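One structure is given here, and the rest of the page talks about it.
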Amino acid sequence: MKTITVTELRSNIYKLLDEIINTGIPIEIKKNGKLLRIIPVHKINKLNNLVSRPNVIKGNPDEIINISWEKEVNLDLP
């Protein structure tokens, strides 16, 4: 959770509110030595923020052990 000043909140309120909505992470505002917190009412599903990685191997990790990489890798080093 990040802590910001009232001045930072005032100058970036829309950006900060969007950040809270998208991430679900609260922001603390420090004013006169006291902390205030803006939090979303509903919990955010953090899995929705995952980036798709289509080239990742899907399947049983034990099956990767038996893959032969000899044709894929040239180990003739100078």
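The values are calculated or read from the model by the stated rules, or taken from the named source; none is laboratory data. If you're wondering where the values come from, they're calculated on a predicted model, not measured in any experiment. Note that we place each Cβ from the backbone using ideal geometry, even for glycine, and neighbour counts take in every protein chain shown.
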Among the residues of the range 40-47, are any surrounded by 10 or more Cβ atoms within 10 Å (Cβ to Cβ), modelled with pLDDT of 90 or more and aliphatic (A, V, I, L, M)? no
List pairs: first residue in the range 49-61 and over 29 Å from D18 (Cβ atoms), second residue at pLDDT below 80 and not charged (D, E, K, R) anywhere in the structure, Cβ distance under 7 angstrom, at least six positions apart or on different chains. I57/I64
Sole miss for R53 among (1) among the charged types (D, E, K, R); (2) surrounded by fewer than 10 Cβ atoms within 10 Å (Cβ to Cβ); (3) modelled with pLDDT under 80 is condition (3)
Exactly one of I20, I25 is assigned to a helix (DSSP H, G or I), touching a residue at least 12 places away in the same chain (Cβ under 8 Å) and either surrounded by fewer than 11 Cβ atoms within 10 Å (Cβ to Cβ) or under 16 Å from the mean Cα position of the chain (by Cα) (or both), and that residue is I20
